[in-house]
Amino acid sequence: MNWRALFKPSAKFSVLSLLVIGVVIGVIGYFATQQTLHATSQDAFCMSCHSNHSLQKELMESAHGNNPQGITVSCQDCHLPHDPIKYLIKKIIVSKDLYGFLTIDGFNTQAWLDENRKEQADKALAEFRANDSENCQHCH
């Protein structure tokens, strides 16, 4: 392959048309990414993998789901950073969880949660300590 050909102007298209095509593709990519990030940050998406666990019931029975103010937190309120850069980094890191969901036998069961609850809670606690409970401080 001739690498110089990549940097030469196109013989078929003007520079302006290539620029417009690039901007259109960039805008479509940006909005598709935003929609994907938004959709995968909703409780419905989280519960699609955690549907057979007691997590949602436990949340609704806790002070974060049942309080005099009527405020109910969402999964992303505690588990995703509110800073845009940290949010993107976290979304990239937790994308491995989808692989785990597909490969861990029995993941979407209460038995798996009960067996692994301490380990998962310790990981969450370590993360909260590492970021000085940044997500908690966002509301409290």
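Structure above, values below:
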quantity	calculated
Checklist (1) surrounded by 12 or more Cβ atoms within 10 Å (Cβ to Cβ); (2) out of contact with any Leu (no Cβ under 7 Å at 6 or more places or on another chain) applied to TYR87, failing item	(2)
Selection count where residues are over 15 Å from CYS46 (Cβ atoms) and either in contact (Cβ under 8 Å) with a residue 60 or more places away in the chain or part of a helix (DSSP H, G or I) (or both), scope the stretch 100-109	2
Residue match in the stretch 92-99 (condition: under 26 Å from PHE128 (Cα atoms) and assigned to a loop (DSSP other than H, G, I, E, B))	yes
Close pairs (7 angstrom Cβ cut-off, 6 or more residues apart or separate chains): part of a helix (DSSP H, G or I) in the stretch 110-124, open to solvent by 70 Å² or more (accessible area, probe 1.4 Å) and at pLDDT below 90 anywhere	GLN110/ASN52
Among residues of the stretch 99-140, those that are open to solvent by 80 Å² or more (accessible area, probe 1.4 Å) and not polar (S, T, N, Q), counted	16
Given (1) assigned to a loop (DSSP other than H, G, I, E, B); (2) out of contact with any Leu (no Cβ under 6 Å at 6 or more places or on another chain); (3) under 25 Å from HIS38 (Cβ atoms); (4) at pLDDT below 90, index of the condition PRO81 fails	(4)
Within the stretch 21-69, considering residues that are open to solvent by 60 Å² or more (accessible area, probe 1.4 Å) and in a loop (DSSP other than H, G, I, E, B), the one nearest to ILE85 (Cα to Cα)	GLN42
Boolean, LEU80 is among the aliphatic types (A, V, I, L, M), under 24 Å from CYS136 (Cα atoms) and open to solvent by less than 60 Å² (accessible area, probe 1.4 Å)	yes
Every pair of residues 6+ apart whose Cβ atoms lie under 6 Å, when the first sits in the stretch 61-81 and is free of Cβ contacts under 8 Å to residues at least 60 places away in the same chain and of a type outside the set (D, E, K, R) while the second is in a loop (DSSP other than H, G, I, E, B) and open to solvent by 40 Å² or more (accessible area, probe 1.4 Å)	GLY65/THR72
Matching residues in the stretch 2-20 - criterion: being outside any helix (DSSP H, G or I), modelled with pLDDT of 75 or more and open to solvent by less than 80 Å² (accessible area, probe 1.4 Å)	SER14
Selected residue (only one of LYS96, LYS90 is of a type in the set (Lys, Arg), under 12 Å from the mean Cα position of the chain (by Cα) and either closer than 30 Å to SER10 by Cβ or modelled with pLDDT of 90 or more (or both))	LYS90
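The values are calculated or read from the model by the stated rules, or taken from the named source; none is laboratory data. Not measured: the values here are computed from a predicted model. Counting neighbours? That spans all protein chains shown, and the Cβs are built from the backbone with ideal geometry, glycine included. Accessible surface areas use protein heavy atoms only, side chains included; no ligands, DNA or RNA. Shrake-Rupley method; radii C 1.70, N 1.55, O 1.52, S 1.80 Å.
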